[in-house]
Amino acid sequence: MAIVKLRDLTKRFGDVSAVESVNLTIDDGEFIVFVGPSGCGKSTTLRMVAGLEDSTSGSVHIGDRDVTRLQPKDRNVAMVFQNYALYAHKNVYDNLGFGLRVRGVPRQEINTRVMQAAEILGLEELLQRKPKQLSGGQKQRVALGRALVRDPDLFLLDEPLSNLDAKMRVRMREEIAKLHKATGSSMIYVTHDQIEAMTLGDRIAVMNKGRVQQVGPPLELYDRPANLFVSSFIGSPEINLFDGALVGSANTAAFESAGFSVPVRAEIGANGERGQTVKAGIRPEHLKIGTEAESNLSANIDLIEQMGAQTLLLCHIGSMRLHALVDRNDKVRIGDDIPLRVDRENVHVFDPESGKSLLVN
Amino acid sequence: MRGERALYLILGVAFALTALLILYPAYHALELSFQRLDSFVSEPEWIGLQNYQTVLATPEFWAAFGRGLVFAGFTILFQVVLGIGFAMLLDAHVPLKPLVRGLAVLPYLLPTVIVALTFQWMLDPTVGVMTQGVRLMGYEYIPWGENSAVAMATVITLSVWIWTPFVTLAFLAGLQSVPGELYEAARVDGANGWQRFWHITLPQLRPVLTVVILLRAIWMFNKFDIIWLTTRGGPLNGTEHLPVLAYRKTFELYQVGEGAAVSAISFLILSAVIFIYFYAFPLDEKEE
């Protein structure tokens, strides 16, 4: 258990910058998720923490040790890989005990710790099996167990659920969350799946193009995205973005676009300039069908997707397309003009040049 | 059905060629081993197992068998050990990788006769470059043509030199299929270089190792050309193994029946060994 500090961590491959000045402090026992599209540098960052990749500059501290130049084995971290990386010729028991065996831990202690891990992960029945006799979910449990028996300062998980089918992914997600609660260890978890990130992370670091875009608890990222990238990466279905301008001021501040106008928070009106060209983001789930009187915008329905509890509408206002996630009991038909309303605190406004939110100055 | 006719046609041709080029000569050799004839043109006389009795009773047969084991055993051992070593070197980050890999295969491409003649020349007791080199170091000269052990060491060295590239290539191909994540997992787990080799590389290469040892065993046990061209089985039969013995009996002593019997026995031994080998080391790992 330890506090992990990444300071100006940078990785360049020739002229290409894979990771640029990552600064992050991970608290003792914290579960932090690196999320972002492929090639955003999240895996490279994780591998630099593991010691599998040398950093070009910057440092990694685990506890009170500077581990930047240490070999992976000397960092006391454990890693779980996307493809499980199980030793094919060894049975589950030997896979679990390998990390202890190569470190010369006495046989008796290996046995105790392997059996403990097997019990926590429900692997007791499988100890004599070879990896190829296991299902994907079982393999990943063995990989987790291999990390667990090591009792590391830090767990590193590199897209551990990507190779599993959707159902198993949800189950393993819960198991990882339970494992984190049970061990209280610090964990860094890399994924491209924002739902995994939102459900697992104490905090999430959203990365893009080698840089950390925003770090924060899941709901903070959802409610107050720091920039355009975060707003569209977090949330599903994706946020609607509109081009337009800021009008009014303070309590009358509003975002105005071709064909509609919606009120925005006073802070946004204060931070922005009147008449400033901006982009506004409104999440589909924040668009509600209202009465003519209370509605801000009127859209025409192109397509209706039933999702079960909710209904996703694909609409257009003039030439702008938007999604709205509405109640399944709302009576709508393709071709209808529907009045939509949105609360001012759910309108995100960004500078189109820098992409930065006008909510944070 | 057209597809089926084509299938039978292809199978038929394959069978005919096999029968003509492999089965018939093999049958003929086996037939000869039961006959007495002192040349290929004389009238053969059927004598049953007498050739086998004669051959198995002679010490020269057992000596040749033993030398064959020594030759095959050492060449396989060195080829495999060096082959794995070279494969790992070539798999690592070396400058000019394609060129170095190409060069490493070169000995395998040379005709055996060229290699044998070149080495004979290099080891020539008066003008050979090796002889000169040894003199420079202050020794008299290598008695490679007079001492059985030195001659055996020489043919083993030559064979290792020529055929190690084959083993290297096989292992190099095998190494490509080892997932890199396994090494990374082992590094994080704390395994050092030797432990990674022992716990990952070697087990992952096991199927290749099984096939390579089998192929090399068959080839080295039957290898005729390199020994015949380098030492002719000499000095004083010091490098004579079963293929050379069979050849000498058949084509030099004109004991055609006995020569054929040596070949047949050699074939039986090899078959038995391969059978046991497959039983002990199945190619596909058994499910426990």
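Being more than 25 Å from B:Q50 (Cα to Cα), in contact (Cβ under 8 Å) with a residue 24 or more places away in the chain and away from every other protein chain (no Cβ under 14 Å) is not true of B:Y254. B:A191 fulfils the conditions (1) facing chain A (nearest Cβ under 9 Å); (2) part of a helix (DSSP H, G or I); (3) not hydroxyl-bearing (S, T, Y) except for a single criterion, (2). Determine, yes or no, whether B:L172 is under 19 Å from B:V70 (Cα atoms) and either buried (at least 20 other Cβ atoms within 10 Å of the Cβ) or within 14 Å of chain A (Cβ to nearest Cβ) (or both). It is false that B:L172 is under 19 Å from B:V70 (Cα atoms) and either buried (at least 20 other Cβ atoms within 10 Å of the Cβ) or within 14 Å of chain A (Cβ to nearest Cβ) (or both).
Looking at B:T201, B:T126, B:T157, just one residue is polar (S, T, N, Q) and within 14 Å of chain A (Cβ to nearest Cβ), and that residue is B:T201.
Scanning the range A:219-228 for residues that are crowded, with 19+ Cβ neighbours inside 10 Å and under 14 Å from the mean Cα position of the chain (by Cα) turns up A:L221, A:P225. Which ones in the range A:241-258 are small (G, A, S) and surrounded by 15 or more Cβ atoms within 10 Å (Cβ to Cβ)? The answer is A:G244, A:A245, A:G248, A:A253, A:A254, A:S257.
Does the range B:210-220 contain at least one residue that is assigned to a helix (DSSP H, G or I) and within 14 Å of another protein chain (Cβ to nearest Cβ)? Yes, the range B:210-220 has at least one match.
Taken over the range A:57-79, residues that are more than 9 Å from chain B (Cβ to nearest Cβ) and either under 22 Å from A:P131 (Cβ atoms) or assigned to a strand (DSSP E or B) (or both) amount to 8.
Does the range A:35-51 contain at least one residue that is surrounded by 18 or more Cβ atoms within 10 Å (Cβ to Cβ), touching a Pro at 6+ places or on another chain (Cβ under 6 Å) and of a type in the set (A, V, I, L, M)? The answer is yes, given that some residue of the range A:35-51 is surrounded by 18 or more Cβ atoms within 10 Å (Cβ to Cβ), touching a Pro at 6+ places or on another chain (Cβ under 6 Å) and of a type in the set (A, V, I, L, M).
Across the range A:264-311, the qualifying residues are those that are of a type in the set (K, R) and assigned to a strand (DSSP E or B), and the one among them that is surrounded by the fewest Cβ atoms within 10 Å (Cβ to Cβ) is A:K288.
Condition check ((1) among the hydrophobic types (A, V, I, L, M, F, W, C); (2) within 14 Å of another protein chain (Cβ to nearest Cβ); (3) part of a helix (DSSP H, G or I)) across all residues:
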position	(1), (2), (3)
A:Q82	no, yes, no
A:A85	yes, yes, no
A:Y93	no, yes, yes
A:F98	yes, yes, yes
A:R113	no, yes, yes
A:Q116	no, no, yes
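Selection over the range B:175-184 of residues that are within 14 Å of chain A (Cβ to nearest Cβ) and among the hydrophobic types (A, V, I, L, M, F, W, C) gives a count of 2.
Residue-wise test of (1) assigned to a helix (DSSP H, G or I); (2) touching a residue at least 40 places away in the same chain (Cβ under 8 Å); (3) loosely packed, with under 13 Cβ neighbours inside 10 Å.
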{"residue": "B:W121", "(1), (2), (3)": "yes, no, yes"}
{"residue": "B:M152", "(1), (2), (3)": "yes, yes, no"}
{"residue": "B:V160", "(1), (2), (3)": "yes, yes, no"}
{"residue": "B:T168", "(1), (2), (3)": "yes, yes, no"}
{"residue": "B:V178", "(1), (2), (3)": "no, no, no"}
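Out of the range B:209-263, which residues are among the β-branched types (V, I, T) and crowded, with 20+ Cβ neighbours inside 10 Å? If the condition is that a residue be among the β-branched types (V, I, T) and crowded, with 20+ Cβ neighbours inside 10 Å, then B:V212, B:I226, B:I227, B:T230, B:T231, B:T239, B:V244, B:T250, B:V256, B:V262 are the ones that fit. Of everything listed in (1) farther than 19 Å from A:G272 by Cβ; (2) modelled with pLDDT of 90 or more; (3) surrounded by 12 or more Cβ atoms within 10 Å (Cβ to Cβ), the single unmet condition for A:D351 is (1).
The set of residues from the range B:198-208 being surrounded by 15 or more Cβ atoms within 10 Å (Cβ to Cβ) and over 20 Å from the mean Cα position of the chain (by Cα) comprises B:H199, B:I200, B:T201, B:P203, B:Q204, B:L205.
The values are calculated or read from the model by the stated rules, or taken from the named source; none is laboratory data. Predicted, not measured: the structure shown is a model, and the values here were computed from it. So basically every Cβ, Gly included, is an ideal-geometry build from the backbone, and we count neighbours across all protein chains shown.
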